[in-house]
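Only one structure is covered here, and it is reproduced in the block below.
The values are calculated or read from the model by the stated rules, or taken from the named source; none is laboratory data. This one's a predicted model, so the numbers in the text were calculated from it and none came from an experiment. Ideal geometry is used to build each Cβ from the backbone, glycine not excepted, and the neighbour counts take in all protein chains shown. Surface areas here come from the heavy atoms of the whole protein model, side chains and all, with no ligands, DNA or RNA. Shrake-Rupley method; radii C 1.70, N 1.55, O 1.52, S 1.80 Å.
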Amino acid sequence: MTFPPSATPLADVRRALAIFAHPDDVDFGCAGTVATWTGGGIEVAYVLVTEGDAGGYDETPRPELVRQRAEEQRAAAAAVGVRQVNVLTGYADGTLAPTPQLRRDLTAAIRRFRPDRVLTSSPLRRWEHIAGPGHPDHQAVGEAATCAVYPDARNPFAYPDLLAAGLEPWVVREVWYAGGPAPDHAVDVTDSYHRKVAAMRAHRSQTAHLDVDTWVRDQLTAIAADAGLPPGRLAEAFTVLRTE
C-alpha cells in the first residue's frame with residue numbers, strides 16, 4: 001500500500017500544525033521544512049502526544065528525562081521559529097493507538113489552532129525504515145491525526161463536548177505526511193540546514209551519541225539526489241494530500 005501522487009501544495013497557507021508522537025520526531029524528519037515555513041511567514045505550532053518517557057540512551061531517571069526532553073523540544077522549536085509547543089497528557093510513550101480519546105484530543109487541538117495545513121507522521125509503514133519511521137507510535141499518531149482532520153474536526157456532530165466548549169468545526173485543507181512510503185514532494189532546505197542542525201543538537205538526550213552535522217547532511221543529500229535536485233542541495237521529502 002502506498003499514497004497517491006502528491007498534490008501541489010497550497011500557496012496561501014497561514015498556519016500549520018505539526019502533530020507527532022514524541023519530542024524530536026518533528027525535528028528528525030521535518031525541521032528544515034518547518035524553518036522554511038516560518039521563514040516565509042507561516043505560523044507553526046507543535047502538538048506532541050507523549051512526553052517521550054521511554055526514550056533515551058542511558059539510565060537517566062524517567063521523571064528527569066521527561067523534564068529534560070521538554071526543555072530540549074522547546075529549544076529545538078525556537079531554533080526553527082516555532083513558539084508554541086503543546087504536550088498532551090495521559091498518553092504513555094510506546095503504547096499509542098488511534099483511539100477515540102486520542103482522536104478527540106487532536107480534534108480539539110486542530111479546532112483550537114485552526115490550521116490550513118497539518119504535518120504528521122505517515123499512518124502507512126515504510127518497511128525499509130522500520131527502526132525509525134516504522135515506530136508503532138508514529139503510525140498510531142498519523143492515523144489518529146488523519147481521522148481528526150477528516151471527519152472529526154470538521155464534523156459539528158463529532159465530540160459535542162468540544163462544541164459546547166466553544167471549539168467550532170474547522171476544515172484542514174492539506175495534510176503533509178513524513179516518513180511514509182515513496183515520498184514524492186521534496187522541499188529544498190539548503191538555506192535552513194543550519195537551523196535543522198541546531199534543532200537536532202538541542203535534543204541532547206537523543207543525539208549526543210551522533211555526529212549530528214554528518215548524519216543530517218548525509219540524509220538530506222540522499223533525499224535531494226533522489227528528488228533530482230542539483231548537486232550540493234539538501235532536501236526533506238513528504239507526501240502531500242489535499243483534504244477539501
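Observations
- Once divided by 2.2 N^0.38 Å, the Cα radius of gyration of the range 1-93 becomes 1.21.
- Of all DSSP beta bridges confined to the chain, the antiparallel ones make up roughly 30%.
- The Cα-based radius of gyration of the range 46-153, divided by its Kirkwood radius, gives an Rg/Rh of 0.96.
- Among Ala208, Ala77, Ala148: highest mean-square fluctuation, GNM of the chain, C-alpha pairs under 10 Å: Ala208
- Taking the accessible area of the chain, probe 1.4 Å, and keeping the other protein chains in place, the carbon and sulfur fraction comes to 55%.
- Where only DSSP H runs of four or more residues are counted, the chain gives -11500 deg cm²/dmol as its mean residue ellipticity at 222 nm, each run worth -39500 (n - 2.57).
- Distance from the range 6-83 to the range 149-193 (C-alpha centre basis), Å: 15
- In the chain, Rg over Rh equals 0.95, where Rg is the alpha-carbon radius of gyration and Rh the Kirkwood radius from pairwise Cα distances.
- Loop-located chymotrypsin sites (Phe, Trp or Tyr not before Pro) in the range 88-172 (DSSP state not H, G, I, E or B) with no more than 13 neighbouring Cβ atoms inside 10 Å: Phe157.
- Amide hydrogen proximity for Leu119: with H placed 1.01 Å from N in the peptide plane, the residues at 5 or more positions away or on another chain lying under 5 Å are Leu17, Ala18, Ile19, Trp176.
- Average accessible area per residue (Å²) across the range 1-124 - probe 1.4 Å, nucleic acids and ligands excluded: 43
- Selected from Ala35, Ala158, Ala16 as most flexible by GNM, with the chain as the system and alpha-carbon contacts under 10 Å: Ala158
- Each listed q (0.18, 0.23 Å⁻¹) maps to a log10 I(q)/I(0) for the range 135-214 from the Debye sum over equal C-alpha point scatterers, namely -0.96, -1.10.
- Between Glu168 and Thr190, residue separation times 0.36 nm minus the direct Cα-Cα distance comes to 4.1 nm.
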